[in-house]
Amino acid sequence: MKHLYLFFSAVFLLHIISVFYPNQTLLYGLGILALMMLVISFRQASKLFQILGLAFLIIGAVFFYSTNMKIAQLPPMLAGNLSLLTLLAFLPWMNSVVTAGRFDKLLQHLLRGNVQHLGSLYQRSTTAMMSLTAFLNVSSATIAQDVLVDNLKPIQRKIANKFIMMTTLRGYSLALPWSPLEVLLAMSIFITGVNFAEVLPWLVMITIFMYVIDSLWGKFYFKKYDYPQSGEKETGNHQQNNQNRSKIIQLATALITFLLLVILLGNVFELEFIFIVTILVFPFATVWAYLIKRSKSFWIIGWNKWKSSVNNMHNFIVLFVTLAFFTNSLNESPALMAIQKPVVMVSDYPILILIMIQLLFIVLSMFGVHPIATMGVLGGISSMLIDILSPISLAVILVTSGVSTVPIGTYGLVVTITSMSLKQSPYYITYYNLSYSFLFGAIGIITAYLLI
């Protein structure tokens with residue numbers, strides 16, 4: 001299994017070729033290869049994803065049986081989500097340049113800053129998490145939690161745990177709505193077909209609003225707790241501050257440049273958003289590594305991270321391949337009409353549809369259903385939802401609904417990591433972030449409604 005990355009990478013390379021040179025035979029072959037990937041990955045996937053995949057396969061098979069399609073038409077249906085898997089395969093390279101440039105150390109320094117009380121540290125922690133999660137993703141949560149657990153040992157454990165589970169999970173979620181490297185955003189654009197530049201300002205506006213509200217609340221709530229100082233006088237503190245400032249500027253420049261390139265290439269070449277991000281990640285990360293003179297570290301770290309990531313993407317292979325089968329079967333099935341009926345009944349009240357979408361994400365997330373899976377299910381009726389809501393409105397509600405569940409997804413990856421780090425029940429973590437997630441969802445609903 002150590003060399004699975006060679007097979008998976010070959011499939012992803014063929015998918016990229018198929019975008020530039022569309023061919024029915026190649027598409028059919030990619031479907032067969034996707035089936036092989038599913039068979040290989042199913043046993044290696046976690047139990048939760050096995051259950052999800054099996055459910056999508058069984059329900060999809062029922063839908064497929066109700067159509068007039070032949071078995072020979074099945075393989076191309078399995079290749080529907082290869083673009084998302086290809087994007088996931090390339091993301092470790094962006095993570096690697098951030099690690100090679102030691103930007104992850106920046107997070108540690110920011111969290112050890114000279115502040116007087118936990119209220120100020122809350123704002124700093126949220127800002128640092130939001131900035132670095134855009135590149136580091138889950139790694140930022142583990143780094144921040146390790147630093148904060150160590151720094152807050154003198155604080156009463158209940159208060160320290162509450163602080164960590166709030167600031168890290170909320171800061172993490174604030175990076176997801178607008179980051180082009182986030183799969184939830186990529187999938188919402190994939191489903192709705194909206195232009196990234198068109199939806200980005202609204203997602204940034206929602207993020208800024210939530211950041212301001214949560215930061216003010218955090219400062220007010222935690223300011224009564226003094227922040228313990230280590231008492232150690234750091235040598236070269238002024239030099240360290242200058243280095244931190246330089247790294248923050250580099251990070252901001254890289255992020256803005258990447259966003260502008262995605263928008264520019266999307267408008268010039270009229271390619272899909274997911275595909276643009278996919279083909280841009282590796283060359284962008286490589287050039288960035290050379291500019292900051294960390295190319296040697298980048299290649300060593302990147303190669304190892306990429307191999308490990310592709311070798312272990314079984315959960316997502318099971319989810320996306322079975323989801324493609326489910327969605328394509330549903331679209332061809334008479335069952336689609338039955339599923340659409342409840343939506344048609346409230347079609348004159350789009351606000352109810354937006355609320356239903358948000359509640360669906362929240363309820364399913366608490367039972368361990370990944371928001372990507374929920375988004376995929378809604379993708380099956382996306383054409384009808386677009387007629388009622390408009391593409392940009394649907395894109396906004398899908399992103400905000402998916403992201404709002406991140407801090408409360410009881411069996412989600414980040415909540416699970418936090419649970420293990422703090423030795424707390426995931427339901428306890430969910431409880432303390434419920435109000436934040438409901439507010440995030442409400443802002444998403446209001447914004448989406450205004451965009452109809």
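The values are calculated or read from the model by the stated rules, or taken from the named source; none is laboratory data. Quick caveat: nothing in here was measured; it's all calculated off a predicted structure. Here the Cβ is made from the backbone with ideal geometry for all residues, glycine too, and neighbour counts use every protein chain on show.
Worth a mention:
- Residue ID - modelled with the lowest pLDDT, chosen from residues in the range 397-427 that are under 16 Å from Ile362 (Cα atoms), assigned to a helix (DSSP H, G or I) and of a type in the set (Ser, Thr, Tyr): Tyr427
- Test result for Val115, surrounded by fewer than 21 Cβ atoms within 10 Å (Cβ to Cβ), of a type in the set (Val, Ile, Thr) and more than 22 Å from Tyr28 (Cα to Cα): yes
- Single match in Phe56, Phe49, Phe64, Phe20 (criterion: closer than 14 Å to Met313 by Cβ and either at pLDDT 90 or above or out of contact with any Lys or Arg (no Cβ under 6 Å at 6 or more places or on another chain) (or both)): Phe49
- Those residues of the range 371-390 which are without any contact (Cβ under 8 Å) to a residue 40 or more places away in the chain and either outside any helix (DSSP H, G or I) or closer than 22 Å to Ser173 by Cα (or both), in sequence order: Thr374
- Against the conditions (1) more than 27 Å from Pro180 (Cα to Cα); (2) of a type outside the set (D, E, K, R); (3) over 22 Å from the mean Cα position of the chain (by Cα), Phe56 satisfies every one except (3).
- Some residue of the range 170-179 being touching a strand residue (DSSP E or B) at 6+ places or on another chain (Cβ under 6 Å), basic (Lys, Arg) and on the phi < 0 side of the Ramachandran plot: no
- Test: residue in the range 190-210 that is part of a helix (DSSP H, G or I), buried (at least 20 other Cβ atoms within 10 Å of the Cβ), within 22 Å of the chain's Cα centre (by Cα) and small (Gly, Ala, Ser): no
- In the range 258-289, of all residues being out of contact with any helix residue (DSSP H, G or I) (no Cβ under 8 Å at 6 or more places or on another chain) and of a type outside the set (D, E, K, R), the one that is modelled with the lowest pLDDT corresponds to Val268.
- Test result for Phe64, surrounded by 18 or more Cβ atoms within 10 Å (Cβ to Cβ) and aromatic (Phe, Trp, Tyr): yes
- Ser393 vs. criteria more than 25 Å from Ala160 (Cβ to Cβ), among the small types (Gly, Ala, Ser), in contact with a Phe, Trp or Tyr (Cβ under 8 Å, 6 or more places away or on another chain) and assigned to a helix (DSSP H, G or I): yes
To keep it simple, each residue is scored yes or no on (1) buried (at least 16 other Cβ atoms within 10 Å of the Cβ); (2) more than 23 Å from Val199 (Cα to Cα); (3) not small (Gly, Ala, Ser).
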residue	(1), (2), (3)
Val344	no, yes, yes
Ile353	yes, no, yes
Val363	no, yes, yes
Ser419	yes, yes, no
Ser435	no, yes, no
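- Meets criteria (within 24 Å of Asn137 (Cβ to Cβ), touching a helix residue (DSSP H, G or I) at 6+ places or on another chain (Cβ under 8 Å), in contact (Cβ under 8 Å) with a residue 40 or more places away in the chain and surrounded by 16 or more Cβ atoms within 10 Å (Cβ to Cβ)) for Ser83: yes
- Number of residues in the range 128-165 that are farther than 18 Å from Asp104 by Cβ and either in contact with a Pro (Cβ under 7 Å, 6 or more places away or on another chain) or buried (at least 24 other Cβ atoms within 10 Å of the Cβ) (or both): the value is 3.
- Take the conditions (1) surrounded by fewer than 22 Cβ atoms within 10 Å (Cβ to Cβ); (2) in a helix (DSSP H, G or I); Asp348 misses just one of them, which is (2).
- In the range 18-54, the residues that are under 23 Å from Leu271 (Cβ atoms) and exposed (fewer than 13 other Cβ atoms within 10 Å of the Cβ): Phe20, Tyr21, Pro22, Asn23, Gln24, Thr25
- Whichever residue in the range 298-342 is within 26 Å of Ser404 (Cβ to Cβ) and more than 22 Å from the chain's Cα centre (by Cα) and, among such residues, is surrounded by the most Cβ atoms within 10 Å (Cβ to Cβ): Leu330
- Filter pass, Phe12 being out of contact with any Lys or Arg (no Cβ under 6 Å at 6 or more places or on another chain), over 25 Å from Ile71 (Cα atoms) and not small (Gly, Ala, Ser): no
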